[in-house]
Each structure stands twice: as C-alpha cells, then as structure tokens.
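A.B. asks: Encoded as structure tokens, here's the structure I'll be asking about.
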C-alpha cells in the first residue's frame with residue numbers, strides 16, 4: 001500500500017510495496033510516481049493520467065490493472081485500487097497495489113496453451129476432414145473394387161474356357177465354373193491344394209506331365225503355350241478330356257510375381273470332329289478309288305454282255321444253254337447296276353428313285369439267289385401291295401444281303417418266309433406319318449451268337 005501527494009511524490013509506502021519495486025526506503029522516497037511507471041500504455045499513459053485526474057477530483061473507477069517498473073527494470077503487472085482523500089489540507093491519493101505478475105504469467109501461459117490447443121484442434125479438425133475425405137475415397141474404392149470383383153467373377157463364370165489361378169507355389173487360388181467341370185473339383189475343395197493334385201496331362205505325342213510343372217514354367221518363362229499338340233486331361237473321376245492349355249504369370253506393377261493363371265480349353269468335341277473329318281476324307285478317297293474300279297469293271301461288264309448277246313445269237317433260242325446264258329446275262333446286268341451304285345457313291349450322288357413293284361423285285365431277287373439251293377422260299381402277300389418310290393438297284397442290294405445271310409444261317413437247308421403288307425401306323429418308327437410297305441423276312445437259322453449281340 002502507498003500514498004502519494006498531489007506533487008506526485010510518495011508520502012508513505014509500506015515495506016511490501018518498497019520491496020516489490022526493489023528499492024530501499026530512503027531511495028524510494030526520493031523518487032516521483034513517474035519513476036515507477038514504464039513508458040507504455042499500461043504504465044505512464046494509464047496510471048499517470050488517472051492519478052492526475054483523480055487529484056483534480058474526477059470520478060474514476062477505483063480498481064484497474066496497470067504495469068509498474070521495478071528498480072532493476074522488471075515490469076510488474078499489478079491491480080491498483082485508488083482513492084483520493086484530504087489529509088492536513090492536502091489532496092492525497094491512497095493506492096493499494098497488488099502484484100499479479102504471477103497471475104498474468106499464468107494467464108499468458110493459459111492463453112498460449114489455449115492458442116496452441118486451439119491450433120492443434122484446428123489441425124486435428126483439418127486432419128479429421130482429410131481423414132474423412134480419405135475414408136470416403138476408400139469407401140468409393142472399395143465399392144468400385146467390389147463392383148469390379150463382381151464383374152470379374154461374372155466374366156469368369158461366363159467364360160467357356162477353364163480358368164485356374166495359382167500362387168507362386170502352384171497352389172490353387174481360384175477356379176471358375178468351367179474349370180470345376182473340367183477337373184471335377186469344386187472351388188471350396190480345391191482352394192489351397194497343389195494344382196498337380198487336380199489333374200494330370202498326357203497325350204499321344206507328349207509324355208505324361210504334372211500340371212504343377214506347367215505352373216513353374218509359366219512363372220519362370222513369363223508365359224506358356226503348350227497347345228501345339230492335343231493334351232489328354234485326366235480329371236478327378238478319371239475321365240479323359242482333350243484340351244489346349246496356355247498360361248501367364250500374375251505380376252504386380254512393381255514386377256513381383258504373385259502366381260500364374262492357366263487357361264484350359266476343352267477341345268474334345270473339336271478333336272472328335274477333326275477325326276470324323278479325317279474319316280470323311282478317307283471315305284472320299286475310297287469313293288474316288290471305288291469310282292475308278294467301278295468304271296473299269298463296267299467296261300469289262302460291257303464286253304461280257306456284248307459277248308453274251310453274240311453267244312445267244314449263235315446258240316439260238318432253243319439251245320440247251322440258252323437258259324443258262326439268260327441267267328448269266330441277268331447277273332451281268334445286276335453287276336452293271338452295282339457298278340452304277342458304286343459310281344453314284346463315288347460322286348456323292350443321291351439314289352435314283354422311281355415307282356416300282358416291291359413284290360416283283362422281291363420274287364426276282366429271292367428266286368435268283370435260292371436257285372439250286374436246298375432252301376425253299378414262302379411268300380405271304382397281304383392284299384394289293386401299293387407301288388413304292390425306291391431305287392431298285394439299292395433295294396435289290398439290301399435284299400440280296402439279307403437272303404445271303406439267310407443262306408449262311410441255314411447251311412443244312414430250311415425255309416425262309418417273306419411277308420409283304422401295307423402299313424400306315426408307323427408311330428413306333430422314326431418316320432413321318434404316311435403310307436408305307438413293310439417287308440418281314442424270317443428263317444430257321446441258328447441266329448446271331450449271344451457274344452456278338454450288343
């Protein structure tokens with residue numbers, strides 16, 4: 001506490017105030033109020049102006065914060081509670097001065113910490129916004145990844161070729177549906193197994209090989225194509241399929257190898273078709289050969305028939321050999337018809353159809369083939385048999401083969417029955433609805449041995 005006169009000199013100060021300002025008592029009283037104030041807005045500008053106004057009697061707030069200057073130059077934050085009184089005829093300002101420097105320092109520390117916390121909070125808010133942005137990006141990427149994964153899965157399912165993905169150790173990572181069907185292994189059971197357990201490869205032109213070796217080749221060579229020859233894939237059930245296989249390594253953008261992808265194409269049907277086409281090619285070649293033979297044979301038959309005609313003229317109609325010559329001529333004409341069929345076959349032509357009596361053709365063919373044998377024929381013709389649209393030569397050949405089988409089945413002789421009838425109900429046969437003639441041939445032969453029956 002201290003009191004100051006109107007001339008701005010100290011009148012009284014307690015020891016605490018003198019000590020707070022860093023003075024000794026004699027020196028303190030030699031100073032004026034200006035010596036205790038720093039040259040700043042909280043010092044001289046504020047305290048001195050209020051002191052002078054208070055001395056003049058201006059009503060001012062009693063309490064206010066200010067700043068004092070200690071003897072050693074330290075600035076002291078204080079609270080001044082001042083009032084003016086009359087003492088011995090003089091105007092005296094009495095002030096109670098409290099040092100709040102430590103409170104100010106604490107306040108400044110708190111404010112600084114508050115600013116730091118606020119700055120940190122703002123930084124956290126910024127990081128949180130960035131984190132939320134990153135989170136949203138991750139959510140978007142995950143959704144896109146899920147869509148791409150779904151599209152990839154749908155694509156793999158729809159691919160007709162088998163797709164097998166493995167890691168670098170050759171263990172199964174993924175199979176699509178086509179690969180499941182080919183190998184006989186479902187994805188749930190195959191995952192994690194060495195690919196060599198799923199199936200083996202072999203072929204007529206290659207040695208049997210473990211498919212795990214193929215994976216090693218893919219990852220080592222950066223790709224593999226082993227479809228230059230058909231390979232036989234033996235699956236879980238032991239079924240063999242003909243396949244083509246190609247493979248590629250799976251690598252990251254940094255070049256790290258993660259595994260391999262094998263594409264397995266089932267070409268079993270294609271392989272069968274190629275074999276059938278090869279057979280057709282052979283048949284075509286055989287047809288050309290048959291055509292050449294038939295042409296040459298037809299020339300020979302022409303010469304034979306011509307000579308037979310001359311022989312019949314020389315022998316006369318009533319000659320003992322005229323009947324034999326007639327039969328030879330009939331057989332020769334049949335041979336001509338056979339060569340004509342061979343020529344038709346070699347040229348890929350259609351049968352030459354015409355309307356004819358099947359009964360007459362049957363009687364003529366059977367009588368000719370059974371002549372001189374110990375087999376008797378019995379014809380059963382039911383009603384008026386309609387004419388049929390046939391190639392007589394080809395039907396005659398069919399009947400010829402059936403009767404020859406009958407003769408071979410009854411070496412000791414016997415009976416053969418030929419039944420001919422009109423039919424319209426053919427639902428039990430793969431035929432279009434219409435009118436047909438049914439021919440049934442039965443004999444008393446031993447039949448086909450059981451071991452030869454399917």
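A.B. asks: Scan the strands (runs of 3 or more DSSP E) fully inside the range 371-454 and keep the ones with 1 or more residues being in the same structural domain as residue 358 (by TED's automatic domain parsing) and within 56 Å of the chain's Cα centre (by Cα). Steps first, answer last, please.
C.D. replies: On the way: elements: 375-382, 388-390, 414-423, 436-443.
Where strands (runs of 3 or more DSSP E) fall fully within the range 371-454 and carry at least 1 residues being in the same structural domain as residue 358 (by TED's automatic domain parsing) and within 56 Å of the chain's Cα centre (by Cα), they are 388-390, 436-443.
A.B. asks: Something else about it: Within the range 80-87, is there a residue that is closer than 18 Å to residue 32 by Cβ, surrounded by 17 or more Cβ atoms within 10 Å (Cβ to Cβ), in the same structural domain as residue 11 (by TED's automatic domain parsing) and touching a residue at least 40 places away in the same chain (Cβ under 8 Å)?
C.D. replies: no
A.B. asks: Could you tell me which numbered condition residue 70 fails, if it satisfies all but one of (1) more than 19 Å from residue 13 (Cα to Cα); (2) at pLDDT 85 or above; (3) surrounded by fewer than 17 Cβ atoms within 10 Å (Cβ to Cβ)?
C.D. replies: It fails just one condition, (1).
A.B. asks: Same structure, new question: Please verify whether residue 338 is part of a helix (DSSP H, G or I) and at pLDDT 85 or above, treating the condition exactly as stated. Walk me through how you get there before you give the answer.
C.D. replies: On the way: part of a helix (DSSP H, G or I): yes; at pLDDT 85 or above: no.
No.
A.B. asks: Which one is surrounded by the most Cβ atoms within 10 Å (Cβ to Cβ) among residues in the range 177-202 that are part of a strand (DSSP E or B) and in contact with a helix residue (DSSP H, G or I) (Cβ under 8 Å, 6 or more places away or on another chain)?
C.D. replies: Looking only at the range 177-202, we keep the residues that are part of a strand (DSSP E or B), and these are 194, 200-202.
If we keep only those that are in contact with a helix residue (DSSP H, G or I) (Cβ under 8 Å, 6 or more places away or on another chain) as well, we get 194, 200-201.
On the way: 194: 15, 200: 16, 201: 21.
Selected residue: 201.
A.B. asks: Yes or no: the range 269-289 includes at least one residue that is touching a strand residue (DSSP E or B) at 6+ places or on another chain (Cβ under 6 Å), outside any helix (DSSP H, G or I), surrounded by 10 or more Cβ atoms within 10 Å (Cβ to Cβ) and at pLDDT 75 or above.
C.D. replies: Our first condition is that a residue be touching a strand residue (DSSP E or B) at 6+ places or on another chain (Cβ under 6 Å); within the range 269-289, this holds for 271.
Then keep just the ones that are outside any helix (DSSP H, G or I); that gives none.
For the range 269-289, residues touching a strand residue (DSSP E or B) at 6+ places or on another chain (Cβ under 6 Å), outside any helix (DSSP H, G or I), surrounded by 10 or more Cβ atoms within 10 Å (Cβ to Cβ) and at pLDDT 75 or above: absent.
A.B. asks: Go through the range 310-325 and give me each residue that's exposed (fewer than 13 other Cβ atoms within 10 Å of the Cβ), modelled with pLDDT of 75 or more and touching a helix residue (DSSP H, G or I) at 6+ places or on another chain (Cβ under 9 Å).
C.D. replies: Within the range 310-325, 321 is the sole residue that qualifies.
A.B. asks: Condition check: assigned by TED's automatic domain parsing to the domain that holds residue 80, at pLDDT below 85 and either more than 22 Å from residue 77 (Cβ to Cβ) or surrounded by 11 or more Cβ atoms within 10 Å (Cβ to Cβ) (or both). Does residue 57 satisfy that? Please lay out each step first, then the result.
C.D. replies: Numbers: assigned by TED's automatic domain parsing to the domain that holds residue 80: yes; at pLDDT below 85: yes; either more than 22 Å from residue 77 (Cβ to Cβ) or surrounded by 11 or more Cβ atoms within 10 Å (Cβ to Cβ) (or both): yes.
When the stated conditions are applied, residue 57 passes them.
A.B. asks: Further, regarding this structure: Restricting attention to the range 36-45, and to residues there that are surrounded by 15 or more Cβ atoms within 10 Å (Cβ to Cβ) and at pLDDT 90 or above, which single residue is nearest to residue 20 (Cα to Cα)?
C.D. replies: Here the answer is 37.
A.B. asks: Select from the range 153-176 the residues that are surrounded by 11 or more Cβ atoms within 10 Å (Cβ to Cβ) and over 15 Å from residue 262 (Cβ atoms) and list them in ascending order. Spell out the reasoning first.
C.D. replies: Residues of the range 153-176 that are surrounded by 11 or more Cβ atoms within 10 Å (Cβ to Cβ), as a first pass: 153, 155-157, 159, 161-176.
Those that are surrounded by 11 or more Cβ atoms within 10 Å (Cβ to Cβ) and over 15 Å from residue 262 (Cβ atoms): 153, 155, 157.
The values are calculated or read from the model by the stated rules, or taken from the named source; none is laboratory data. All values reported here derive from a predicted model rather than from experimental measurement. Neighbour counts are summed over all protein chains in view; Cβ atoms, including those assigned to glycine, are modelled from backbone coordinates with ideal geometry.
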